[in-house]
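Below is one structure, written out as structure tokens; the observations come after it.
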Amino acid sequence: MESLIEIGQIVNTYGIKGFVKVTPFTDNINRFDDLEKLYLETKQGLESFQIEEVKYSKNMVLLKLKGIDDISIAENYRNCYLKIARKDAVTLPEDTYFIIDLIDMEVVTEQGEILGNIIDVYPTGSNDIYVVKNEQGKQILLPAIGQVVKKVDVPNKKMTVHLMKGLI
């Protein structure tokens with residue numbers, strides 16, 4: 001399992017005092033209130049930052065990070081991804097998973113037939129859709145519902161599914 005979890009992406013600067021505007025990758029945008037530290041994935045590698053202030057504007061997060069004190073410095077971090085240590089992540093409800101734990105997970109049927117690996121997850125509102133790609137490049141879209149997903153083994157990166165009529 002990955003030790004860091006992606007929680008957002010800096011999409012712009014905000015104001016002249018070094019705030020950055022973040023598109024959050026979390027269901028609970030207020031989650032940022034509980035964070036003290038995060039990492040930015042830059043071209044030079046991971047950089048650690050203390051969070052000085054958090055604001056919200058139209059489903060976006062506005063962060064003031066220690067050491068980023070003006071717009072010219074903040075501009076250097078545009079498009080960087082924000083990550084946190086797994087130990088700082090929220091506890092998920094049962095049968096809920098971090099997308100990073102699902103990517104590259106092997107998907108097999110209840111009969112043991114290998115369908116491929118999850119390459120992407122699309123949120124649709126009512127349920128997510130898992131994009132599974134096999135070795136030949138064929139993609140299968142599987143709804144993340146209880147009738148289809150029978151078992152998720154995160155440590156072993158394996159998902160067992162029931163193929164309902166019409167899915168393939």
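Assigned by TED's automatic domain parsing to the domain that holds Ile10, modelled with pLDDT under 95 and crowded, with 16+ Cβ neighbours inside 10 Å: which single residue out of Ile140, Ile84 fits that description?
Values: Ile140 fails: assigned by TED's automatic domain parsing to the domain that holds Ile10.
Result of the check over Ile140, Ile84: Ile84.
Among the residues that make up region 100-116, is at least one of them aliphatic (A, V, I, L, M) and out of contact with any strand residue (DSSP E or B) (no Cβ under 8 Å at 6 or more places or on another chain)? Full working, then the answer.
Step one: of region 100-116, the residues aliphatic (A, V, I, L, M) are 100, 102-103, 105, 107-108, 114-115.
Okay, now just the ones that are also out of contact with any strand residue (DSSP E or B) (no Cβ under 8 Å at 6 or more places or on another chain), so none.
So far as region 100-116 goes, no, none of its residues is aliphatic (A, V, I, L, M) and out of contact with any strand residue (DSSP E or B) (no Cβ under 8 Å at 6 or more places or on another chain).
Of all the residues that make up region 151-168, how many are exposed (fewer than 13 other Cβ atoms within 10 Å of the Cβ) and outside any loop (DSSP other than H, G, I, E, B)?
Within region 151-168, residues that are exposed (fewer than 13 other Cβ atoms within 10 Å of the Cβ) and outside any loop (DSSP other than H, G, I, E, B) number 2.
Name the single residue, out of those in region 32-48 being in a strand (DSSP E or B) and surrounded by 15 or more Cβ atoms within 10 Å (Cβ to Cβ), that is modelled with the lowest pLDDT. Even if it seems obvious, please write down each step before you answer.
So in region 32-48, the residues in a strand (DSSP E or B) come out as 37-42, 45-48.
So of that shortlist, the ones also surrounded by 15 or more Cβ atoms within 10 Å (Cβ to Cβ) come out as 38-41.
Details: Leu38: 95, Tyr39: 95, Leu40: 95, Glu41: 90.
Among residues in region 32-48 that are in a strand (DSSP E or B) and surrounded by 15 or more Cβ atoms within 10 Å (Cβ to Cβ), the one modelled with the lowest pLDDT is Glu41.
Return a yes/no flag: does region 129-137 have any residue that is exposed (fewer than 15 other Cβ atoms within 10 Å of the Cβ) and assigned to a helix (DSSP H, G or I).
no
Restricting to region 49-69, and then to whatever is assigned to a strand (DSSP E or B) and polar (S, T, N, Q), can you tell me which residue is modelled with the highest pLDDT?
In the first step, residues of region 49-69 are kept if they are assigned to a strand (DSSP E or B); the result is 49-57, 60-65.
Cutting the leftovers down to polar (S, T, N, Q) gives us 50, 57.
Working: Gln50: 97, Ser57: 91.
Of everything passing the filter in region 49-69, Gln50 is modelled with the highest pLDDT.
Please enumerate the residues belonging to region 140-150 that are in a strand (DSSP E or B) and in contact with an Asp or Glu (Cβ under 9 Å, 6 or more places away or on another chain).
Matches in region 140-150: Pro143, Val149, Lys150.
The values are calculated or read from the model by the stated rules, or taken from the named source; none is laboratory data. Because the structure is a prediction, the values reported are computed rather than measured. Glycine gets a Cβ as well: all are built from the backbone with ideal geometry, and neighbour counts include every protein chain shown.
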